[in-house]
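The structure appears right after this line, and notes come after that.
Just so it is clear, none of the values below were taken in a lab; they were calculated from the coordinates. Owing to the predicted nature of the structure, the values given are computational and were not obtained by experimental measurement. Positions of Cβ are backbone-derived with ideal geometry, glycine not excepted, and every protein chain shown enters the neighbour counts.
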Amino acid sequence: MKTTDCKDVLANLSCYIDGEGSDELRQALEEHISRCRRCRVVFDTTGKMLKIVTDAEPFEVPLSVSARLYARLEKILSEVCFQDLPELRGASYKGKPL
Ligand SMILES: [Zn+2]
């Protein structure tokens with residue numbers, strides 16, 4: 001597999017967190033996250049937020065919660081990541097642009 005870059009990681013982040021994607025993809029993402037501080041911050045933040053949401057609501061995440069989560073994610077991601085990585089602006093989470 002070709003070298004995974006930050007753009008690939010963000011593009012596949014929702015797959016990874018949801019436990020989807022091939023082993024190869026997950027391995028490549030893990031490898032990148034382990035050596036890229038920026039992606040690690042994004043990944044940790046996203047994972048923690050999703051865990052909070054899923055702990056509070058073990059079945060389906062209500063739309064209102066999703067909307068708030070997306071809003072928080074957008075804010076955090078724009079602060080920690082996108083300001084100096086303009087090429088990542090095309091990334092999406094669950095089909096929603098970040
Ligand atoms: Zn990265």
Open item on the list: For the ranges 34-40, 13-19, what's the packing order if you count other beta-carbon atoms within 10 Å of each residue, average per peptide, and put the highest first?
Closed with: 13-19, 34-40
Task: Gain on full stretching of the segment that runs from residue 30 to residue 48 - 0.36 nm per residue minus C-alpha separation - done: 4.8 nm
TODO: Could you run the Karplus curve 6.51 cos²θ - 1.76 cosθ + 1.60 with θ = phi - 60° over region 30-41 and give me ³J(HN,Hα) per residue in whole Hz, x for Gly and Pro?
DONE: 4, 4, 5, 4, 5, 10, 10, 4, 4, 5, 5, 4
